[in-house]
Structures are given as C-alpha cells and as structure tokens.
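Take a look at the structure set out below.
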Amino acid sequence: MSISSSTHSSSATGSSRRLRPDQLIISSVVPTGSRVLDLGCGDGLLLRHLMDERDCLGTGVDADTTELITAAGMGVPVLELDLDADLGEFHDDSYDVVVLSRTLQAVPRPGEVIRQMARIGRLLIVSMPNFGYWRNRLRLVCGHMPVSRDLPFQWHDTRNVRYSTVIDLEAWFADEGLDILQRVSLGEHGRPTRAARTAPNLLAGSTIHVLRSNWTPVQQSS
C-alpha cells in the first residue's frame with residue numbers, strides 16, 4: 001500500500017543531528033545522486049537525510065503504518081509492504097543502492113530478502129547486531145539471554161528472530177554470492193573503534209557491511 005507523502009516541513013531540517021551514529025555512517029557510503037531503496041525504513045530519517053544531503057532519490061519500505069505516516073509527513077516516498085513476501089514488486093536493477101539497517105535479524109526469511117535485494121540493486125548496505133559480542137557471550141555464560149544496546153529486547157518480547165556472529169554473517173554473504181566491499185565494525189556506543197575493527201567477532205556490538213551484488217537474470221529456455 002502506498003502512503004501519500006506531503007512536502008516535507010522544517011521538521012526535516014537538521015535530520016542529520018537526529019540520525020543514529022550507524023545511520024550517519026551508512027549515509028556516508030551511499031554514492032551521491034543514487035537511487036536508494038531503504039527496507040525497514042522506519043520513520044524515514046535516514047532516507048530524508050540522503051535526499052537532502054546526498055541528492056538521492058529514494059523509496060522507503062516498512063510494514064509499520066505509524067512509522068510510515070511519520071516518514072510520509074517529511075516528504076519521504078514510502079510503501080507499506082511485507083519484506084518477506086512483496087519485494088518481487090520491484091523491477092530488476094531498479095535501484096542503485098538497497099539499504100537494510102537493523103532489520104535482517106527481524107525477518108523470517110532472510111535468504112529470500114537478501115536475494116531480492118541483490119536482484120533490485122547492485123550495491124547493498126546491511127547493518128546487523130553481532131550475537132558474538134563479548135558482553136553477549138558473558139550474559140550467556142551467566143545463564144541469561146543477551147540484552148544490549150544492539151539487542152535491546154528481553155527474550156519474550158523481542159522482534160528479532162535471527163541471531164548471527166560476524167563470522168557466520170560473512171560466510172553467509174559469500175554463500176549468497178555477495179562480495180564484501182567494506183566492513184565497518186561498531187563498538188558498544190554504535191561508533192567505529194579500533195578494538196572492534198581489530199577483532200570484530202568478539203569486540204563489535206554490530207557491523208555495517210557494504211556488499212556488491214553479482215546477480216544476473218535467469219536465462220529463459222527457448
């Protein structure tokens with residue numbers, strides 16, 4: 001379902017000051033003037049920033065109507081779609097960049113989502129909490145499920161249905177035929193640190209991966 005967007009108001013001004021540190025990093029690796037598809041766009045702040053500061057054209061996708069209304073109120077073009085079921089609505093190579101920020105762990109069918117992303121755009125940007133972070137390991141050793149800045153929910157009310165370490169995540173990207181162009185390892189407060197960069201599987205609370213799609217159309221047999 002499409003939600004109409006109005007001309008953005010002054011509330012969009014200074015959106016960069018309200019972005020999370022990881023969103024600012026994501027915005028910095030999006031090429032200027034790109035066509036951007038933001039999956040799990042939430043309130044649309046990242047896409048609004050990309051439109052204002054990076055001269056991008058974009059579309060936000062989410063299943064949360066309340067969040068989409070907020071995004072639309074800032075002039076962000078949005079669609080209400082199910083990421084697991086509805087990404088086939090987008091044409092092949094219809095965007096330059098597809099962003100999936102802190103959402104992959106919450107989708108039931110991550111393989112389908114990542115393959116659709118690779119079909120839709122050539123550059124993929126994926127951020128993901130790291131279940132192998134040392135504080136998460138310590139909580140497990142102490143008999144508790146991890147709760148942290150990057151995994152902020154209790155086990156009984158979490159929206160997250162998938163957990164991964166950095167090692168497992170990158171192995172999965174390789175299995176899906178994606179090339180890792182860049183990894184940004186974020187520390188406890190969501191900013192890059194030398195320690196997280198040195199030992200990401202242990203010391204990164206989350207990561208941002210910039211990936212290249214190698215998708216090619218399936219040849220139809222005559």
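Close Cβ contacts (under 7 Å, 6 or more residues apart or on different chains) running from residues in segment 88-101 that are farther than 16 Å from Val126 by Cβ to residues that are surrounded by fewer than 14 Cβ atoms within 10 Å (Cβ to Cβ) comprise Asp92/Pro217.
Taken over segment 96-138, residues that are of a type outside the set (A, V, I, L, M), touching a Ser or Thr at 6+ places or on another chain (Cβ under 8 Å) and either within 26 Å of Asn201 (Cα to Cα) or open to solvent by less than 50 Å² (accessible area, probe 1.4 Å) (or both) amount to 13.
Among the residues of segment 19-37, some residue qualifies, meaning at least one is open to solvent by less than 20 Å² (accessible area, probe 1.4 Å), modelled with pLDDT of 95 or more and touching a Cys at 6+ places or on another chain (Cβ under 6 Å).
Would you say Leu46 is in a loop (DSSP other than H, G, I, E, B), surrounded by 23 or more Cβ atoms within 10 Å (Cβ to Cβ) and either under 13 Å from the mean Cα position of the chain (by Cα) or of a type in the set (Phe, Trp, Tyr) (or both)?
no
Just for segment 171-203: of the residues that are loosely packed, with under 15 Cβ neighbours inside 10 Å and of a type in the set (Val, Ile, Thr), which one is modelled with the highest pLDDT? Selected residue: Ile180.
The values are calculated or read from the model by the stated rules, or taken from the named source; none is laboratory data. It should be emphasised that the depicted structure is a prediction, and the values quoted were computed from it without experimental measurement. Note that each Cβ is placed from the backbone with ideal geometry, even for glycine, and that neighbours are counted across all protein chains shown. Keep in mind that these areas ignore ligands, DNA and RNA; they rest on the heavy atoms of the full protein, side chains included. Shrake-Rupley method; radii C 1.70, N 1.55, O 1.52, S 1.80 Å.
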